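Structure record follows, encoded as structure tokens.
No value in this document is a laboratory result; all are computed from the given coordinates. Since the structure is predicted, the reported quantities are computational estimates derived from the model, not experimental observations. FYI the Cβ positions are ideal-geometry reconstructions off the backbone, even for glycines, and counts take in every protein chain you see.
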Amino acid sequence: MSAIGQIRRVVEGAGSLENIVGEVKAYGASRVLLVTDAGVFKAGLTADPQARLEKAGLSVHLINDVPPEPKQSEVQAIFDRAEKFETDLVLAIGGGSAMDTAKLIALMLGNGLNVQDLLDGKRPASRKVPLIMVPTTAGTGSEATPNAIVLVPELNLKVGIVSDLMVADEAILDAKLTVGLPNFITANTGIDALCHLMECYISKKACPLSDTFALRGITLVARSLRKAYTDGTDLAARADMLLASSYGGMAIAASSTVGIHALSYPLGGRYHIPHGLSNAILMPYVMEENAPCCLERYGDIARAMGLDVAGKSPEAVAEMLVKELYDLNAFLHIHCDLKEKGITLDVVDELVEAGAKVTRLLNNNPKALSHDDMRRIYTRLIQDNA
């Protein structure tokens with residue numbers, strides 16, 4: 001198993017998934033549970049690794065229908081199926097939802113727990129099977145985090161389940177798997193990665209370890225997200241984004257996301273806006289709200305992004321950074337018709353009430369966001385995205 005709280009091994013490089021047999025056999029495994037989603041499966045991204053494993057004599061049980069941003073009941077149903085296969089290694093190939101689901105499966109296997117137990121705060125003493133993650137999007141960083149997000153419809157909220165035992169033993173970052181991503185997914189997931197990195201850097205839980213990952217990841221995003229969006233076949237840019245995303249996950253494992261993620265949960269939980277998009281549209285507004293409380297750290301982020309801050313006051317640098325974030329969203333055509341989703345000024349108070357409940361993240365925000373602060377953020381967001 002991984003060292004507590006941090007991933008043990010990262011394999012990086014275009015084509016690195018081709019050595020999946022060697023990676024799996026290193027754990028002494030012979031019965032692999034392969035978890036993915038319908039989109040990744042239909043794109044054929046699991047066919048080659050599954051064939052390689054089976055050709056090498058390993059038994060593979062495929063779960064290929066993890067839904068986007070799954071509900072509690074859906075995760076439980078998938079686990080009930082997975083439990084019948086006596087696996088000795090869980091392999092996830094996919095985006096955040098597939099990886100989060102795989103982590104929950106691995107945590108529950110052999111431990112007599114269900115999803116409700118985990119939501120209630122129960123945690124096992126150990127994880128019984130190794131866990132390998134292969135991300136197909138560059139954004140969530142789930143392959144390196146101790147978190148898994150579950151939609152709880154009764155609460156109209158996405159809930160984060162956190163356990164160090166869910167940090168994968170290994171991540172395989174193969175840029176070839178991300179070449180076919182549509183532009184809007186590249187944009188939304190790329191901004192999600194940037195949010196992780198920036199939020200962890202300004203979090204009250206920030207530490208030298210998370211700072212190191214965060215600043216390096218921010219530099220990679222700044223130099224490569226626009227390139228990956230403009231030319232999806234740019235393998236160097238794709239590799240940068242995958243690595244930046246994993247750095248974001250490693251930063252989360254040592255620190256925490258803050259206000260952007262806290263306020264995005266109601267947008268996803270109540271109105272089913274995809275996680276990356278909800279973070280992306282909120283990002284510049286929350287960063288603008290937090291600016292006066294962390295001017296020095298905003299200066300570090302601005303420099304990591306390559307902005308020319310020479311001779312400028314901390315306040316001017318923070319303003320420049322916020323403008324860059326708005327400009328980046330504009331370049332990536334980040335937009336969500338909130339009115340079409342049913343989000344109007346009439347529901348601002350409901351959003352504030354729901355967002356205020358995400359204290360796990362809000363408590364780490366550099367500014368203590370009042371209800372009025374959150375109301376102002378949501379109001380501006382709705383007015384600008386009508």
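For the reader, a short list of remarks on this structure follows.
- Shown here for the range 234-333: trypsin sites (Lys or Arg not before Pro) in loop regions (DSSP other than H, G, I, E, B) with at most 16 other Cβ atoms within 10 Å, namely Lys312.
- Convex hull volume per residue for the range 282-326, taking Cα atoms only, in Å³: 57 Å³
- Cβ-derived FRET efficiency at R0 30 Å, Leu209 paired with Ser370, nearest 0.05: 0.45
- Residue-by-residue Karplus 3J(HN,Hα) for the range 295-306, coefficients 6.51, -1.76, 1.60, Hz, glycine and proline x: 4, 5, 5, 5, x, 4, 5, 4, 5, 4, 7, x
- The chain - charge dipole about Cα centre, Lys and Arg +1 at Cβ, Asp and Glu -1, debye rounded to 20: 560 debye
- Label-to-label distance, Glu350 versus Lys128, with points set 7 angstrom from Cα along the beta-carbon direction: 4.2 nm.
- Gaussian network model of the chain, Cα within-10 Å springs - most flexible of Val322, Val159, Val11: Val11
- Amide H contacts under 5 Å for Ala14, placed H, 5+ residues apart: Ala175
- Amide N of the range 109-126 lying under 20 Å from the label point, which is placed 7 angstrom from the Cα of Glu86 along Cα→Cβ: 109-113
- Computed from phi, the 3J(HN,Hα) profile of the range 197-214 under the Karplus parametrisation 6.51, -1.76, 1.60 (θ = phi - 60°) reads 5, 5, 5, 5, 6, 9, 5, 5, 8, 4, 9, x, 5, 5, 4, 4, 5, 5 Hz, with x in place of Gly and Pro.
- Peptides 27-40, 334-347 ordered by average Cβ neighbours within 10 Å, highest first: 27-40, 334-347
- Among 94-105, 144-155, the order from most to least packed when residues are scored by Cβ within 10 Å on average: 94-105, 144-155
- Karplus-derived HN-Hα couplings along the range 75-81 (A = 6.51, B = -1.76, C = 1.60, θ = phi - 60°), whole Hz, x at Gly and Pro: 5, 5, 5, 5, 4, 4, 6
- Fraction of antiparallel bridges per DSSP, the chain only, in percent to nearest 5: 20 percent
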